[in-house]
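The values are calculated or read from the model by the stated rules, or taken from the named source; none is laboratory data. Here the structure is a predicted model, which means the values were calculated and not measured. Glycine also receives a Cβ, built like all others from the backbone with ideal geometry; neighbour counts cover every protein chain displayed.
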Amino acid sequence: MTLKIKDRFILYTLSLALLLCNGCGVYSFSGTNISPDVKTISIQTIENSSGEGPANLTQVVTDNFKNYFRRNSNLTVLQNDGDLQLEGQIVSFTLSPAAIQREGLEDRAGLNRLTLGIQVRYTNTKNPEENFDRLFTISRDFGQNVDVTQIPTASINEITELLVTDVFNKTVANW
């Protein structure tokens, strides 16, 4: 049985694509770009130096980092001395007015914006050129009647997850 030219072209193209994805051993379908010699990551407790937010903010942020890296990479999460090392601190947890609206002679916030900022220090012991120390921030809007002490834990988890995704992309997905 002979394959038509079009069928052979498709077969060759698919074979080439598979070779490119698997050949070098560093690309994965989860989007990571981790060198094969990198096996571990250590994630230190992300302390809350902002003085704001719920009492469990340190634990929520740290756990979200560890869980995200476990779910989205093949790295083993260690307490110390990983091939990759993440350290950081929460530097801001602020609620500020957004979407200002005029009601009569008064200006009022139509929304309140929660901003979470984490200073992250990333060390790649295998490739020090990738090291960085950078501030990551993310914001989310809430209704005008919500104050910082009333923000549900689920909402804090959601905003933290977005920030962790940004850090993940910068560290192991090289975005």
Revision key, fill the gap. Over segment 132-155, the set of residues of a type outside the set (D, E, K, R), surrounded by 13 or more Cβ atoms within 10 Å (Cβ to Cβ) and either over 14 Å from the mean Cα position of the chain (by Cα) or closer than 19 Å to S42 by Cβ (or both) is F136, F142, Q144, V146, V148, I151, S155
Study note, to complete from the structure: Here the residues within segment 46-93 that are in contact with an Asp or Glu (Cβ under 9 Å, 6 or more places away or on another chain) and either in a loop (DSSP other than H, G, I, E, B) or of a type in the set (G, A, S) (or both) are I46, L75, D83, G88, S92
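Given the options E87, E106, E52, name the one that is of a type in the set (D, E, K, R), closer than 22 Å to S155 by Cβ and surrounded by fewer than 18 Cβ atoms within 10 Å (Cβ to Cβ).
One residue alone meets the criteria, E52.
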Check your understanding: Mind checking whether some residue in segment 65-84 is among the small types (G, A, S), within 23 Å of E130 (Cβ to Cβ) and either surrounded by 19 or more Cβ atoms within 10 Å (Cβ to Cβ) or at pLDDT 95 or above (or both)?
Key -> yes
